[in-house]
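Read-outs: derived from the displayed coordinates by stated rules, not from any lab. It should be emphasised that the depicted structure is a prediction, and the values quoted were computed from it without experimental measurement. Positions of Cβ are backbone-derived with ideal geometry, glycine not excepted, and every protein chain shown enters the neighbour counts.
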Amino acid sequence: MATIRPDVRPARRLEERVRELATTVRWAPAPRWGSSTREHTRYAGYLGGSIVGWTALGLATAAVIGRALGAA
């Protein structure tokens, strides 16, 4: 009788997951303004998400710099 062995892989490290996410975001094509409502919604969501993401990144960077200058 054959034994069935599950495919066991070690858990990926956080660094590997972040690197994979960064690669995916970097090379994923941005949606374009299309002709259907679905394409318009997808584009608006992408644009809104980008604005929120870049704003959060800018605020976080400013907080880190402010804390570094305040501690010096």
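At 10 °C and 1.306 mPa s, what whole-number value in µm²/s does Stokes-Einstein give for the translational diffusion of the chain, with Rh from the Kirkwood sum over Cα pairs?
95 µm²/s
Starting from the 7 Å offset along Cα-to-Cβ, what nm value, one decimal, do you get for the label separation of Trp27 and Arg42?
2.0 nm
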